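Q: Before anything else, here's the structure in question.
The values are calculated or read from the model by the stated rules, or taken from the named source; none is laboratory data. Given the structure is predicted, the values throughout are model-derived calculations rather than measurements. Cβ: placed from backbone, ideal geometry, glycine included. Neighbour counts: every protein chain shown.
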Amino acid sequence: MKNLIFSALFLVLPHFAFADCAALMTKYDAPNPASKTMKQIQRWLKKVDNPADAKTLEECMISQAADNPNKAQLAGK
């Protein structure tokens, strides 16, 4: 039973995080993270006045940054 609950949370929570990220990016008129470096994103995040929003935006934008070595690379891109 515990495994079932844990699995459900593991599958559902990331969807809320990404939905929250998209909403925050729209709210703060964030730049496209795929066209920015991680340093540029960190500098832009200084404009966000809410620390909780800034932390959430940082996590999701850095994961999509152009120079992030952990980002999944697509062929031809």
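Q: Could you tell me how many of the residues in region 49-72 are among the aliphatic types (A, V, I, L, M), closer than 9 Å to Pro33 by Cβ and part of a loop (DSSP other than H, G, I, E, B)?
A: Looking only at that region, the number is 2.
Quick grid of which residues meet (1) of a type in the set (S, T, N, Q); (2) at negative phi; (3) modelled with pLDDT of 90 or more; (4) part of a helix (DSSP H, G or I):
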site	(1), (2), (3), (4)
Ala8	no, yes, no, yes
Leu13	no, yes, no, yes
Phe18	no, yes, no, yes
Ala23	no, yes, yes, yes
Asp29	no, no, yes, no
Gln40	yes, yes, yes, yes
Arg43	no, yes, yes, yes
Lys47	no, yes, yes, no
